[in-house]
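Before any comments, here is the structure.
The values are calculated or read from the model by the stated rules, or taken from the named source; none is laboratory data. Quantities reported herein were computed from a predicted structural model and do not represent experimental measurements. Virtual Cβ from ideal backbone geometry, glycine too; neighbours counted across all protein chains shown.
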Amino acid sequence: MPVTRKSLLNCFFIAAAIAYSSWVLTLLLPSTTLSPIVHYVSEYAASNQPWHLLYRAGDGLSALFIAAGLWTVRSNKTALWWALTAFALFTLGDALFPFACAIHQEPCASQAAAWQLPLTHYLHSLTSVLLSTALIAAMGIDAIKNRNPLRMGVSALAIGAMFISVLGELDLHTVGGLLQRVQLSGISIWLVLVAPLLAADHRSAADPRRS
């Protein structure tokens, strides 16, 4: 594979990781009554929040950068390639269909339960589940196929935080925001680490003698 294509892939995925880390701004920018320990990043991106366009732009740009990186190796569509494509697509959906309000606050929680909010609010929940599923699939494919200890460790951190955060909705929701930020950090690190693997897979497919 030409070095320029490999460099482009790496650069796009690094840019995606940076954009996906826009949650760091929740620690710096003033908010209303939201807490980075309690509230999800999606709540900061809710339509009624002051900096919602900025956080949504981070997700949207991340999705586009991942798609651009995958486009550079589109001639070798592996299972990992397809899983990452789905992750990018549903991440873009997350940006396009934001929550209407912060789901851990009233009256938002009651309105959501009574189906009184715009359709985009509920579509966001759907795209979030789908992108999480695609991400778990991508990380699982990578772990099973390549068994790289570093990427497996980062994947375990991200997925573990994801599941604990989901379970926390039943009881420990007071630290859900913190757990999600651990998860998002793991995803950003993994994106940077997995880019060279995609490049190597493409190179091997282009030149079977390298396999």
* Structure fact -> Of the candidates ALA67, ALA46, ALA17, the one satisfying the condition of being of a type outside the set (S, T, N, Q), in a loop (DSSP other than H, G, I, E, B), touching a helix residue (DSSP H, G or I) at 6+ places or on another chain (Cβ under 7 Å) and modelled with pLDDT of 90 or more is ALA46
* Structure fact -> The correct count of residues that are closer than 19 Å to VAL129 by Cβ and buried (at least 21 other Cβ atoms within 10 Å of the Cβ) in segment 56-89 is 8
* Structure fact -> Note on segment 24-43: residues without any contact (Cβ under 8 Å) to a residue 12 or more places away in the chain and not in a helix (DSSP H, G or I) are LEU28
* surrounded by 20 or more Cβ atoms within 10 Å (Cβ to Cβ) and of a type in the set (D, E, K, R) - does that describe any residue in segment 140-152? -> yes
* Structure fact -> In segment 97-127, anything closer than 19 Å to GLY176 by Cα, without any contact (Cβ under 8 Å) to a residue 40 or more places away in the chain and not in a helix (DSSP H, G or I) is listed as GLU106
* Structure fact -> How many residues of segment 143-166 are more than 17 Å from the chain's Cα centre (by Cα) and basic (Lys, Arg)? The answer is 2
* Tally time: how many residues in segment 105-119 are surrounded by fewer than 18 Cβ atoms within 10 Å (Cβ to Cβ) and under 15 Å from GLN49 (Cα atoms)? -> 3
